[in-house]
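Here is the structure we will look at, set down as structure tokens.
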Amino acid sequence: MWSRALNAAEIGDIDCSSGGDVFMWSINDLDLRGDVDLVCTDIICGQAPTTMQAITTQLPTTAPPKTTQPPVPTTAQYVTTEPPVPATTYIPTLPPCTYPVPIYNVAVGKTARQIADKPKSDATADKAVDGDTDSCSATKRKFEPWWVLDLGEEKDIYEIAVYPLSSKPYMVKTGVIRVGNDANFDNNPQCGMQILGRMAKDYPIIVRCGCEQPMRGRYVSIHLVDKTRSLTICEFEVRAG
């Protein structure tokens, strides 16, 4: 390879040969180095350049911005979304209540009846008011089963305590308690709140008929709303003043 550093004045006086042959060189064949502002488009050895052109070199001051393309998936992609978690609803717990008079259980030994006794068992209605939480009443599996207590006379009733079967407290869930003087319990007003939510997990379950103002009545009942099951009660206390 033949090479030599040229200046602008020497470009027209190039004399080159190789093995007696005259070479025609273009600008792409020459490696021109140094402070050369003008070079020829086509250079022929021994001839002056016929066409001149200015070469302007401009270096970028900053790197060009990079363009990033999102990757193309090779397989199907799935997006999993979680459903919103609904806010938890709680049945409020009973606030503290101070009764104007001392209260005590007036249900022990009173007359009780239920929709139908559980077959092949001694879980009769009176087992719920025998003063023993280890013995329980139980009804036959029925739609909206009920249990009714006759106190024999009117009482000022402040609260009811229901002791469900400890291993199955849900057996009284959805229960509604009524107090009044009508032997047909459906005609008596409701006492306190329906047994729902966390309230159904308490032991005993306390249903307040009133703090300062009691409910007055002879008959006290409990029935399950919109349920088909056996109603089991291990003790039913009527706390009156």
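Evaluation of F185 against the conditions (1) of a type in the set (F, W, Y); (2) surrounded by 15 or more Cβ atoms within 10 Å (Cβ to Cβ); (3) touching a residue at least 40 places away in the same chain (Cβ under 8 Å) shows that the sole unmet condition is (3).
A single entry from S137, S167, S221, S230 fulfils the requirement of being exposed (fewer than 15 other Cβ atoms within 10 Å of the Cβ) and of a type in the set (S, T, Y): S167. Any residue at all in region 189-210 that is surrounded by 18 or more Cβ atoms within 10 Å (Cβ to Cβ), touching a strand residue (DSSP E or B) at 6+ places or on another chain (Cβ under 7 Å), over 12 Å from I160 (Cα atoms) and modelled with pLDDT under 95? Yes; the residues of region 189-210 include at least one that is surrounded by 18 or more Cβ atoms within 10 Å (Cβ to Cβ), touching a strand residue (DSSP E or B) at 6+ places or on another chain (Cβ under 7 Å), over 12 Å from I160 (Cα atoms) and modelled with pLDDT under 95. Taking into account only those residues within region 88-97 that are surrounded by fewer than 10 Cβ atoms within 10 Å (Cβ to Cβ) and either modelled with pLDDT of 95 or more or under 21 Å from A240 (Cα atoms) (or both), which is farthest from the chain's Cα centre (by Cα)? Result: P96. Scanning region 98-123 for residues that are of a type in the set (G, A, S) and closer than 19 Å to R239 by Cβ, we see that the one that is surrounded by the fewest Cβ atoms within 10 Å (Cβ to Cβ) is G109.
Screening K155 with (1) touching a Phe, Trp or Tyr at 6+ places or on another chain (Cβ under 8 Å); (2) closer than 11 Å to V238 by Cβ gives one miss only, at (1). Against the list (1) surrounded by fewer than 18 Cβ atoms within 10 Å (Cβ to Cβ); (2) touching a Phe, Trp or Tyr at 6+ places or on another chain (Cβ under 6 Å); (3) among the basic types (K, R), the condition R239 fails is (1). When D126, D150 are checked against the criterion of being more than 33 Å from the chain's Cα centre (by Cα), within 15 Å of E237 (Cα to Cα) and open to solvent by 60 Å² or more (accessible area, probe 1.4 Å), a single residue qualifies: D126. Restricting attention to region 175-221, the residues that are part of a strand (DSSP E or B) and within 17 Å of A240 (Cα to Cα) add up to 17.
The values are calculated or read from the model by the stated rules, or taken from the named source; none is laboratory data. Computed from a predicted structure; not experimentally measured. We place every Cβ from the backbone using ideal geometry, glycine too, and count neighbours over all the protein chains shown. Ligands, DNA and RNA are stripped out before the accessible areas are found, and what is left, the full protein with its side chains, is counted by its heavy atoms. Shrake-Rupley method; radii C 1.70, N 1.55, O 1.52, S 1.80 Å.
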